[in-house]
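Below is one structure, written out as structure tokens, with a few remarks after it.
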Amino acid sequence: MTPALLASALLLFVALSYVSLCASSPFGNCRKCHGWGFAIKTDRKGRAKRGKDCHRCMATGKRIRVGRHLYNVAARLHRDGTR
């Protein structure tokens, strides 16, 4: 097999894997709070304690994946255009 064919097969495999991930699990961990829902602070003695709620995920710890967001936008555009 040629390198170009291998590269395109690998790219297709990665794309299909991401599509299946977005379909099966549309929400992923928030990148800002790492899925905790809040910031982790330390007190003066160095012990970890809960900080402020994460504003990016509204303290849920989950965010919608980019691929699922793009699918939702396309589906909404199609639905609104065919009404």
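Nothing in this text is a laboratory measurement; each read-out follows from the coordinates by a stated rule. Small disclaimer: the values here were computed from a predicted structure and weren't measured. Backbone-built Cβ (ideal geometry, glycine too); neighbour counts: all protein chains shown.
Does the range 33-49 include one or more residues that are out of contact with any Phe, Trp or Tyr (no Cβ under 7 Å at 6 or more places or on another chain), among the hydroxyl-bearing types (Ser, Thr, Tyr) and assigned to a strand (DSSP E or B)? Among the residues of the range 33-49, at least one is out of contact with any Phe, Trp or Tyr (no Cβ under 7 Å at 6 or more places or on another chain), among the hydroxyl-bearing types (Ser, Thr, Tyr) and assigned to a strand (DSSP E or B), which makes the answer yes. Taking each residue of the range 58-83 that is closer than 30 Å to Ile40 by Cβ and looking for partners that are in a helix (DSSP H, G or I) and among the β-branched types (Val, Ile, Thr) with beta-carbon atoms closer than 9 Å, six or more apart or interchain, yields Gly67/Val19. Selection of first residues in the range 22-38 that are under 9 Å from Cys54 (Cβ atoms) and of second residues that are outside any loop (DSSP other than H, G, I, E, B), restricted to Cβ pairs under 8 Å at least 6 apart or on distinct chains, gives the following pairs, ordered by first then second residue: Cys30/Lys62; Cys30/Arg63; Cys33/Ala39; Gly37/Asp53; Phe38/Arg50; Phe38/Gly51; Phe38/Lys52; Phe38/Asp53.
Looking at Val19, Val73, which is the one that is touching a helix residue (DSSP H, G or I) at 6+ places or on another chain (Cβ under 7 Å) and part of a helix (DSSP H, G or I)? Steps first, please.
On the way: Val73 fails: touching a helix residue (DSSP H, G or I) at 6+ places or on another chain (Cβ under 7 Å).
Only one candidate passes the filter, namely Val19.
Listed here are the residues, each with its yes/no results for (1) surrounded by 13 or more Cβ atoms within 10 Å (Cβ to Cβ); (2) of a type in the set (Ser, Thr, Tyr).
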| position | (1), (2) |
| --- | --- |
| Ser24 | no, yes |
| Ile40 | no, no |
| Lys49 | no, no |
| Lys52 | no, no |
| His55 | no, no |
| Ile64 | yes, no |
| Arg68 | yes, no |
| Leu77 | no, no |
| Thr82 | no, yes |
